[in-house]
Amino acid sequence: MHSEAPMLIRARIAVWALVSCLFAVAADPSAAQAPQKPNPEDSDSKKTNPDPKTPDAKPGGKSDSDQKQKEPAKPNYVGNVFKLTTDFRGFLAWDRKDDGTADTTKYRAPANTTITVKGSRPDPKDPYKYTFQVQIKCKSTEGFFDLCLPSEPSAPGKESVGENKYYTVIYRETESKDPPDPGELSPVNSIRKTLVHGTLIVPFKFRFTDHSLAGSATVGYYVGQKNYLWGYSFTPIISVGYSPIPVSNPQDSTKTDNKSGISFAAGAVWELDDKFQAGIVFGTDYIGSSPAQTWKYNGKGWMSFSVGYNFAK
């Protein structure tokens, strides 16, 4: 009996240890699993396969989307009018010949011919080169407003363009470092014109009546025709706007009343590469012809000018 007691105690201790281990495994199943070796393919895939949502990085840390955002926007030439300053030969007929083949003849247009751009396609290899689809607007113009004059019909064999007909022509921009080909439309042989409009702000006025300088501002709307030539632009404009005008009170001369006036103006704005602007505007203000509205500048002329200040917004 005495010899069996120690053996019974040892058996109970072994059973208790086994039950403890079983409880430990049930509480944390991961403890019973053997540790796994890291998969080299997983680590390599993380290194070589970046997040598909992240754009591919370019040298210098710039992505394709960043580079596209920084590229300057291409000008929209559709609707612009070009006036030739010299005789020009380089128009290709839009329509095919009667036999269905392309007409490769380069047609000529005389100086002062105006053309309207109906379509524009940039050259994929030259950022300063475009293919225009144009319509011959007028072959003979006169004056600043390009009044169209009757033109004589072309003699047979002279291969001259026809009015209201469509052609294609190559255009090269001013910024190009390569000299334009004689058969390319460019600022060398043409003036680009486009209709512009917007808000006109006149910050001050120089009165011709008494040579006084007034700080009364005018905010108006203008329309004009912008003319491009070798990086410069010249824009004659006309405008109508609103002006708050202080007028002496007819009952009390020590007080002033603010009246609503209307301003008419005309002038011109010069620009250089969109970095520098100068403008001059001549105008007059009206508040009406009522005897009670006595204002010495009513209907009188004024001038405003600026250098560096953006008249046209």
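Considering only the stretch 242-259, state which residues are farther than 17 Å from Phe206 by Cβ and under 35 Å from the mean Cα position of the chain (by Cα).
Across the stretch 242-259, the qualifying residues are Tyr242, Pro244.
Looking at (1) of a type in the set (S, T, N, Q); (2) in a loop (DSSP other than H, G, I, E, B); (3) at pLDDT 80 or above, find the lone condition where Thr194 falls short.
If we test Thr194 against (1) of a type in the set (S, T, N, Q); (2) in a loop (DSSP other than H, G, I, E, B); (3) at pLDDT 80 or above, just (2) comes out false.
Mind checking which residues of the stretch 157-179 are assigned to a loop (DSSP other than H, G, I, E, B) and not polar (S, T, N, Q)?
The answer is Gly157, Lys158, Glu159, Val161, Gly162, Glu163, Lys165, Glu173, Glu175, Lys177, Asp178, Pro179.
Please enumerate the residues belonging to the stretch 217-226 that are among the small types (Gly, Ala, Ser) and in contact (Cβ under 8 Å) with a residue 40 or more places away in the chain.
If the condition is that a residue be among the small types (Gly, Ala, Ser) and in contact (Cβ under 8 Å) with a residue 40 or more places away in the chain, then Gly220, Gly224 are the ones that fit.
Being surrounded by fewer than 15 Cβ atoms within 10 Å (Cβ to Cβ) and in contact (Cβ under 8 Å) with a residue 12 or more places away in the chain is the filter; apply it to the stretch 269-279 and report the residue that is nearest to Gly301 (Cα to Cα).
Checking each candidate, the answer is Trp270.
Give the residue, chosen from Thr235, Thr209, that is exposed (fewer than 14 other Cβ atoms within 10 Å of the Cβ) and of a type in the set (Val, Ile, Thr).
Thr209
For the stretch 247-256, what are the residues that are touching a residue at least 12 places away in the same chain (Cβ under 8 Å) and exposed (fewer than 14 other Cβ atoms within 10 Å of the Cβ)?
If the condition is that a residue be touching a residue at least 12 places away in the same chain (Cβ under 8 Å) and exposed (fewer than 14 other Cβ atoms within 10 Å of the Cβ), then Pro250 is the only one that fits.
In the stretch 187-216, how many are under 17 Å from Ile238 (Cα atoms) and either under 24 Å from the mean Cα position of the chain (by Cα) or free of Cβ contacts under 8 Å to residues at least 40 places away in the same chain (or both)?
9
The values are calculated or read from the model by the stated rules, or taken from the named source; none is laboratory data. Just so you know, these numbers come straight off a predicted model, no measurement behind them. Every residue, glycine among them, receives a Cβ derived from its backbone with ideal geometry; neighbour counts consider all protein chains shown.
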